[in-house]
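The next block holds one structure in the form of structure tokens; read it before the comments.
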Amino acid sequence: MTESAKPLTMDTIVSLCRRRGFVFPSSEIYGGIGSTYDYGHYGVLTKNNIRSLWFRAMVQERDDIVALDSAIILNPRVWEASGHVAGFTDPLVDCRTCKLRFRADQLELSSCGRKPSKRPGETPECDLTEPRQFNLMFETHVGALMDESSLAYLRPETAQGIFVNFKNVAQLARRKPPFGIAQVGKSFRNEITPGNFLFRLREFEQMEMEFFVPPAEADEWFGYWLDARRRWYLDLGLRAENLRVREHAAEERSHYSLATSDLEYLYPIGWQELEGVANRGDYDLTQHTRESGTKLEWIDPDGTRYTPYVIEPAVSIDRIMLAFLCDAYDEEVVGDRERVVLRLHPRVAPVKAAILPLVPRDEGMASRARALYEELRLHHAVEHDDSGQIGRRYRRQDEIGTPWAFTVDEQTLEDETVTVRDRDSLAQERLPIGGVRQWLDDTLQQDWSSPQSR
Ligand code: GAP
């Protein structure tokens, strides 16, 4: 077995996702629509796993966080109060020569429209305008009229739906600070320099948790959540050398933030924000109190009133998925054959096991494999595959990251055992067919770390 030392490119991941039906460009038959993607079968399964692992860690395994699912289109005053109408902008420059538009603060990451090997502004023909502010919120209209009075926005973050529900939840959830509200759902941003596949999308699925704390405890909880979120990724097998924490300088922070640190991942495009953890102070609750006239504050049983500070870990499933796919991708030569393998954590992998009859036309093998599949699929995402040579079937599963394959062979007919093949080590052992379900349950609970060191 030899490890490949080729640097991973985004194109490699894009082509694997396309080839194996994880992700497709959206409305592709009409030429697509910029930076919007559709998830195919394995993409959906992987996203579901990421979402439920996050929800489990945030809500199910804790006593102090409750769930919420707020609407995508909120009263537009929410976005005025939050500062998004005035301030959720990117500085843009236009090139009068190539007619392209670029983020003024990211020119070094962009390519000139005429000479893609150059940056905008680097050639004598480039003629850039002064930067102008461009709001990232998508506008829509609610109701029959299409005028100013019906203007509304698709939410650019899920967080505001949480803040405007603070009073409802605080009254009904019987929690007192420190407590959190977690929400998962689509957010929309009219990103101007999209691209880089799932990294910067116009429509993405955010997972945000707003943790309301007494102001004096905010620094402590900020550190706590930064550490907890970092550990979540490492426990799910992300390699430590590809994950780092970067503290924002004061001038980079969003308008609401008292402190922000990013968990950055080493994507093929370099170190970039995977998840942000921010101390939003009392900015949002204070703004919504002022603009709505409803007091969003906490009253202790002794009558003490205060506006809680908010610590917010915020991420999108799409960026997590891209990080997991990049981290897991591997190519190696086994014997004289090359294989592509996704070394995903078994709990993240879209399919947990494949059930393969070695000789599909053998009735004894076929019926046992089918019965095992019927049993396992009641409990886990598993696949039955009886088409093609066994080596090709293994490779198909390696490419989608299936951690184990159970093969029904001649010996099964004699002693009712199957082989289990491990995706990473390629080791094979035999198990009683009746014990496979328990083995899979138990093994999925075990710790896992990546065998890769690239
Ligand atoms: N509520 C705070 C907030 O929305 P953000 O840093 O703008 O903060 C939080 O976004 C997270 O959402 C990011 O760390 C990233 O994981 C994800 N995200 C933001 N914009 C994205 C985009 N255009 N495409 C994919 N994910 C995005």
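Some points to look at:
- Cα shape, the range 1-103, gyration tensor, a/c 1.5 rule: oblate
- The range 319-454 - Rg and Dmax from Cα coordinates, angstrom: 14.8, 48
- The chain, relative contact order in percent, only Cα pairs under 8 angstrom and at least six apart counted: 14
- Proximity of backbone amide H atoms, modeled 1.01 Å from N, is registered between ARG200 and GLY195 at under 5 Å, excluding neighbours fewer than 5 places apart on the same chain.
- Couplings 3J(HN,Hα) of the range 32-37, computed from phi: x, 9, x, 6, 10, 10 Hz, in residue order, whole Hz [Karplus 6.51 cos²θ - 1.76 cosθ + 1.60, θ = phi - 60°; x for Gly and Pro].
- Within the straight-line cut-off of under 29 Å between alpha carbons, the lysines reachable from LYS47 are LYS6, LYS186, LYS352, sequence neighbours fewer than 8 places apart in one chain being disregarded.
- Near ASP38, the amide H atoms lying under 5 Å from its own belong to PHE24, SER26; only residues 5 or more places off or on other chains count, and H is placed 1.01 Å from N.
- Shape summary of the chain, radius of gyration then Dmax from alpha carbon positions: 25.2, 78 Å.
- Relative contact order for the range 35-156: 22 percent, from Cα pairs under 8 Å spaced at least 6 residues apart, divided by residue count.
- Spatial separation of Cα centroids for the range 13-80 and the range 305-319, in angstrom: 18
- Reachable lysines from LYS115, criterion Cα separation under 20 angstrom, eight or more residues apart if same chain: LYS99
- 16 Å Cα-Cα reach of LYS295 towards aspartates and glutamates, excluding residues that sit fewer than 8 places from it in its own chain: ASP282, ASP284
- Percent antiparallel among DSSP beta bridges (both partners in the chain, rounded to 5): 85
- Taking a ≥ b ≥ c as the square roots of the Cα gyration tensor eigenvalues, the range 239-289 comes out prolate, since a/c reaches at least 1.5 and a/b is larger than b/c.
- For the range 61-138, the square roots a ≥ b ≥ c of the C-alpha gyration tensor eigenvalues yield an a/c of 1.5 or more together with a/b exceeding b/c, which makes the shape prolate.
- Near ALA259, the amide H atoms lying under 5 Å from its own belong to ASN279; only residues 5 or more places off or on other chains count, and H is placed 1.01 Å from N.
- Using the Cα coordinates of the range 200-313, the gyration tensor eigenvalues translate into equivalent-ellipsoid semi-axes of 30, 16, 12 Å, sorted from longest to shortest.
Every number here is computed from the coordinates shown, using simple stated rules; none is lab data. Please read all numbers here as calculations on a predicted model, not as lab measurements.
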